[in-house]
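The values are calculated or read from the model by the stated rules, or taken from the named source; none is laboratory data. Because the structure is predicted, anything quoted here is derived from the model rather than measured. Here Cβ is always computed from backbone atoms with ideal geometry, including for glycine, and neighbour counts include all displayed protein chains. Heavy atoms of the whole protein, side chains included, go into the accessibility calculation; ligands, DNA and RNA do not. Shrake-Rupley method; radii C 1.70, N 1.55, O 1.52, S 1.80 Å.
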Amino acid sequence: MHELTVREARRLAVMAQLLDAPRLDDPLEVIRHLGTLQIDLTRRVAPSPDLVLWSRLGRAYRPSDLDALLDSGRVVELQGHYRPVEDIALYRAEMAQWSQRAHELYVQWVATNDACRRDILEILRSDGPLPATALPDTCVEDWRSTGWTNTKNVQRMLDFMEARGEVAVVSREGGARQWDLAERVWPDETVVPADEAEAERDRRRLASLGIARPAGPQCPAESIDVGDAGEEATIEVVRGAWRVDPDLLSRLRSDGFHGRVALLSPIDRLIFDRRRMVEIFGFDYRLEMYIPAAKRKWGYYALPILDGDRLVGKVDSTADHDAGLLRVHAVHEDEPFSATRRDAVAREIRSLAGMLGLTPDTH
């Protein structure tokens, strides 16, 4: 049992997410370590995958780097996340067992509409890749939902077929997913047994988080808990059980911590688990894009500011590509910034503008 201070927990989280110093210089290495980049294509500043990679790589990163990895097939999309293609082997066993693992209502709906599923496979085999809008809806029973997917039969069928390992996203055009047969997108058919695959995913997730709970709320595409990975830990003044990456903890205690300033995506994995964010960082934040403008505190898509092992503020900005400007509306300081911190934040804003091919406008 490891007894951690809150500061050690924060530093483990920062180090595990590659947000300490020095930076790496290879985007594929970053993706392999993080394990996943959640896809959110909101372009108020930049799509989240680009923000996550830029936060780790800095001035050396350009969005074309991620495009090249996707085009080459070294990084692929699965369930709304970009992942290294070799990691698909860790999901194939669950895909094969989808009918035993998925909710009964999902399984029954797919079975009822099996003719539509087979129609989609036949058309993709002959004409793929294709967007969902180019595929016929031959379902005999509509998908019913209280959300945005209501009666979107083809899209839901494709989602379930992806979970079954039958189809995969080969690219996106204008944000729309282009679907093809999975065998053409994920050519390696290696299957890791389900129990081994789950344990390995937990291990890798802990390596990318540093400190995490063994069990947590269900997340459909990517968990925030780590099962039995790592070793047991407690955090002073924070209740509950935790798991810690022992190798990372050893490195922290032997080599120390070397922090830097970084601007983060609103769904960066450092803060994605909002409960953990509050417990170990004490950070007050929420994504306000769905909140009426008059009620926002920090802005539509405010970027959290990390300084060392602390989250200290938010940058409210908008990428105005027509004007060639990164417009900075406000830098919200959770506490008064020193001149050194203010200069470091300004450097990151200039770096972000450079990544986007824009000029920073802070007026």
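Considering only beta bridges that DSSP places wholly inside the chain, some 85 percent are antiparallel. Placing R0 at 30 angstrom, the Cβ-Cβ distance between T362 and R274 gives a FRET efficiency of 0.55 after rounding to 0.05. Candidate cross-link partners of K314 among the lysines, defined by an alpha-carbon separation under 19 Å and a same-chain spacing of 8 or more, comprise K295, K297. Treating r as the C-beta distance of R7 and E86 and R0 as 35 Å, the FRET efficiency rounds to 0.50. Using the Karplus relation 6.51 cos²θ - 1.76 cosθ + 1.60 with θ = phi - 60°, the per-residue 3J(HN,Hα) values for the stretch 126-142 come to 8, 10, x, x, 9, x, 4, 5, 8, 9, x, 9, 10, 5, 8, 9, 5 Hz, with x marking Gly and Pro.
Would you mind checking the stretch 303-328 for residues with the amide N under 19 Å from a putative spin-label position 7 Å along Cα→C-beta of R342? From the stretch 303-328, the list is 305-308, 312-317, 328. Taking all protein chains together, S126, S208, S223 sort by accessible area into S126, S223, S208, largest first [probe 1.4 Å]. Per-residue 3J(HN,Hα) values for the stretch 318-325, derived from phi via the Karplus relation 6.51 cos²θ - 1.76 cosθ + 1.60 with θ = phi - 60°, read 9, 7, 9, 5, 5, 8, x, 10 Hz in sequence order (x marks Gly and Pro). Accessible surface area normalised per residue over the chain is 47 Å², counting heavy atoms of protein chains with a 1.4 Å rolling probe. Cβ-Cβ distance of A134 and T112, R₀ of 25 Å, FRET efficiency by 1/(1 + (r/R0)^6): the value works out to about 0.60. Dimensions of the stretch 117-254 based on its C-alpha atoms, expressed as ranges along the principal axes with the largest first, amount to 58, 37, 30 Å.
Based on C-alpha pairs under 8 angstrom that are at least 6 apart in sequence, the stretch 120-181 has a relative contact order of 39 percent.
For the stretch 41-108, the percent of C-alpha pairs falling in each 10 Å distance bin, counted from 0 to the bin holding the largest distance, reads 17, 37, 25, 18, 4.
Full extension of the segment from S250 to D334, taken as 0.36 nm per residue of separation minus the current Cα-Cα distance, would add 27.1 nm. Rank I224, P266, P246 by how far each Cα sits towards the positive end of the charge dipole of the stretch 212-275 (+1 on Lys, Arg Cβ; -1 on Asp, Glu Cβ) and give me just the farthest. Ranked along the dipole, the leading option is P266. When the residues H332, H81 are ordered by accessible surface, computed with a 1.4 Å probe over the protein chains alone, the sequence from largest down reads H332, H81.
Return the Rg/Rh ratio of the stretch 1-131 with Cα-based radii and a Kirkwood Rh. Here Rg/Rh amounts to 1.08. The modelled label-to-label distance between A68 and R101, using points 7 Å beyond Cα along the C-beta direction, is 3.4 nm. Relative contact order of the chain, taken over Cα pairs closer than 8 Å and 6 or more residues apart, is 20 percent. Above 21 Å lies some portion of the pair distances; for the stretch 292-363, what is it as a whole percent of all C-alpha pairs? More than 21 Å apart: 26 percent of the Cα pairs in the stretch 292-363.
Look at the alpha carbon pairs under 8 Å that are at least 6 residues apart: their mean separation over the length of the stretch 191-326 gives a relative contact order of 16 percent.
When only alpha carbons of the chain are considered, Rg and Dmax amount to 21.6, 65 Å. Which value at 222 nm does the chain reach when only helices count, each DSSP H run of 4 or more adding -39,500 (n - 2.57), with the total divided by all residues and rounded to the nearest 500 deg cm²/dmol? Taking each H run of at least 4 residues, the total per residue is -10500 deg cm²/dmol. Each part reduced to its alpha carbon centroid, the stretch 156-220 and the stretch 43-109 end up 7 Å apart.
When the chain is treated as a Gaussian network with alpha carbon springs shorter than 10 Å, the biggest mean-square fluctuation among V154, V237, V328 belongs to V237. Projecting the Cα atoms of H33, S55, V75 onto the dipole axis of the stretch 1-81, where Lys and Arg carry +1 and Asp and Glu carry -1 at the beta carbon, places S55 farthest toward the positive end. Under 5 Å from the amide H of G313 lie the amide H atoms of I305, D334, each residue being 5 or more positions distant or on a separate chain, with H modelled from the backbone and absent for Pro and chain starts. A simple spin-label model places pseudo-atoms 7 Å from Cα toward Cβ; at M289 and R239 they are separated by 3.4 nm.
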